[in-house]
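Undergrad: Got a structure for you, questions after.
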Amino acid sequence: MRLRLLDLGGVSGLRSQAVYHALCDSVSAGGPDTLAILFPTNPYVSVGFHRDLEAEVDLSFCASHGLPVYRRRVGGGTVYLDADQVFFQLVVHERHVRMSVDRAYAELLAPAAVAYRALGVVAERLGINDLAVDGRKLSGTGMASIGDAVVLVGNVILDVDHAAMAGILRLPDSTAAAWVEASMRRWVTSIRGELGTVPTYDEVARQLRAAYGAWAGEPLEVGRLSQREEELIRATEERLVSPDWLHRDGYERTVARPSPVRRVKIRARRWDAFFDWESSAGSIRTSISADDGVIEAVRFAPDDGLREMAAALVGRRSSEPGIVDLVAGTVGTTVGLRLAELLAIATRPEG
């Protein structure tokens, strides 16, 4: 497979998003399949195609920290991106990716895992589309069909700003924000976090180039953006900064009843979640962490009379028999049924 390499180095945050969108248009029109490697020179926030901006992003935090917000055409959640992340953006014609989503991720992410190993970190695919080491997330990735092209976007995280990653998210209160940041510090890592040192951009680019060249079956052809692609990038930049595009309704806003649970994905199959429920004593705010559907931590506030129930929930799946009886025995049948329903929403492994 012939694959062009675009080693773009440092580009603006806006351009780092516009490049792969424009390359999808280029490949769809007959342009070469391409691997772009680059990094953003300024930090910013990227919102998934389908997400509700106001529900997902703490816009006040972003404004106060000078963080622009862009909506991408790839799905997934809200992410913080900065110069300590090297992006790889693989754009190929759809005829090369006629397979299931799981198989596509397995094939297209395998070279990135090889590059990580060459850099000294034993990365493996976790879930559908995370790369991780010993359960700690190393890279978040996404894939989308745009026109007749398929794009895989991912990052090699050199260093990580956990406070910023949590700070950009709209959460119920400061307790929830601290809860999410603590989870990210435990379960999201970087090359510095694993090795204590950071490779240069050139070294990361070299390993990505070698790994994807081996995958393609021949050395990558070093290229440059064509005049038409530059024009497509500029047009894409204009669209990405358009208020109409940023504030477009994602499908989440069109549902009849918004979810009562605020869920934050920490890494594949691991979620933090927050919700309120009404007890006989008033409103109870619940904070919960679950891994593959198993409750690892839960906190009720206020917790008067609920500490024993919280302790009993740890280590169990909300879907298992006996959970309804457990919570109903503490808070009553009617409230218990509702609480069990909310726990099930909060702890499902995916979605």
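Undergrad: Strands (runs of 3 or more DSSP E) wholly in region 1-55 with at least 1 residues that are closer than 14 Å to PRO68 by Cα and assigned by TED's automatic domain parsing to the domain that holds GLY223 - which ones?
TA: 34-40, 44-47
Undergrad: Here is a follow-up. Taking region 314-335 as the search range and keeping residues that are within 33 Å of the chain's Cα centre (by Cα) and in a helix (DSSP H, G or I), which one is surrounded by the fewest Cβ atoms within 10 Å (Cβ to Cβ)?
TA: Of everything passing the filter in region 314-335, VAL324 is surrounded by the fewest Cβ atoms within 10 Å (Cβ to Cβ).
Undergrad: Now a separate question. Can you tell me how many residues in region 145-161 are surrounded by fewer than 21 Cβ atoms within 10 Å (Cβ to Cβ), assigned to a strand (DSSP E or B) and touching a Cys at 6+ places or on another chain (Cβ under 8 Å)?
TA: 1
Undergrad: Can SER279 be described as in contact (Cβ under 8 Å) with a residue 60 or more places away in the chain and surrounded by 17 or more Cβ atoms within 10 Å (Cβ to Cβ)?
TA: no
Undergrad: For region 269-319, name all the residues that are on the phi > 0 side of the Ramachandran plot and touching an Asp or Glu at 6+ places or on another chain (Cβ under 6 Å).
TA: Hit for region 269-319 is ARG269, nothing else.
Undergrad: Could you give me the residue pairs with C-beta distances under 7 Å whose first residue belongs to region 48-68 and is free of Cβ contacts under 8 Å to residues at least 12 places away in the same chain, whose second residue is part of a helix (DSSP H, G or I) wherever it lies, and which are 6+ apart or on separate chains?
TA: none
Undergrad: Right, here's the next one. State yes or no: is ASP82 at pLDDT 95 or above and either touching a Gly at 6+ places or on another chain (Cβ under 9 Å) or crowded, with 19+ Cβ neighbours inside 10 Å (or both)?
TA: yes
Undergrad: Find the helices (runs of 4 or more DSSP H) located wholly in region 187-269 whose residues include 3 or more that are closer than 30 Å to GLU350 by Cβ and at pLDDT below 95, and list them.
TA: So the answer is 251-254.
Undergrad: If you check every pair at least six apart or on different chains, which have Cβ atoms under 7 Å apart with a residue in region 79-104 that is under 11 Å from VAL27 (Cβ atoms) and assigned to a strand (DSSP E or B) first and a residue that is modelled with pLDDT under 95 and acidic (Asp, Glu) second?
TA: Qualifying pairs under 7 Å: none.
Undergrad: Another question, then. State the number of residues belonging to region 85-108 that are under 27 Å from PRO199 (Cα atoms) and touching a strand residue (DSSP E or B) at 6+ places or on another chain (Cβ under 7 Å).
TA: 10
Undergrad: When you check ALA310 against the structure, is it among the hydrophobic types (A, V, I, L, M, F, W, C) and at pLDDT 95 or above, yes or no?
TA: Spelling it out, ALA310 is indeed among the hydrophobic types (A, V, I, L, M, F, W, C) and at pLDDT 95 or above.
Undergrad: Those residues that are free of Cβ contacts under 8 Å to residues at least 60 places away in the same chain and under 15 Å from the mean Cα position of the chain (by Cα), I need them from region 14-46; list them, please.
TA: Within region 14-46, TYR44, SER46 qualify.
Undergrad: May I pose another question? Tell me, yes or no, whether region 48-65 has at least one residue that is within 22 Å of ARG239 (Cβ to Cβ), aromatic (Phe, Trp, Tyr) and touching a helix residue (DSSP H, G or I) at 6+ places or on another chain (Cβ under 6 Å).
TA: Checked region 48-65: no residue is within 22 Å of ARG239 (Cβ to Cβ), aromatic (Phe, Trp, Tyr) and touching a helix residue (DSSP H, G or I) at 6+ places or on another chain (Cβ under 6 Å).
Undergrad: If you scan region 277-289, which residues turn out to be closer than 22 Å to GLU181 by Cβ and in contact with a Pro (Cβ under 8 Å, 6 or more places away or on another chain)?
TA: Passing the criteria: only ARG285.
Residue-by-condition table, conditions (1) buried (at least 21 other Cβ atoms within 10 Å of the Cβ); (2) of a type outside the set (A, V, I, L, M):
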site: ALA110; (1), (2): no, no
site: ARG117; (1), (2): no, yes
site: GLY142; (1), (2): no, yes
site: ALA166; (1), (2): yes, no
site: LEU169; (1), (2): yes, no
site: THR175; (1), (2): no, yes
site: TRP179; (1), (2): yes, yes
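Undergrad: Restricting to region 187-208, what's the tally of residues that are within 14 Å of ASP159 (Cα to Cα) and either over 18 Å from the mean Cα position of the chain (by Cα) or not hydroxyl-bearing (Ser, Thr, Tyr) (or both)?
TA: 14
The values are calculated or read from the model by the stated rules, or taken from the named source; none is laboratory data. Just so you know, these numbers come straight off a predicted model, no measurement behind them. Backbone-built Cβ (ideal geometry, glycine too); neighbour counts: all protein chains shown.
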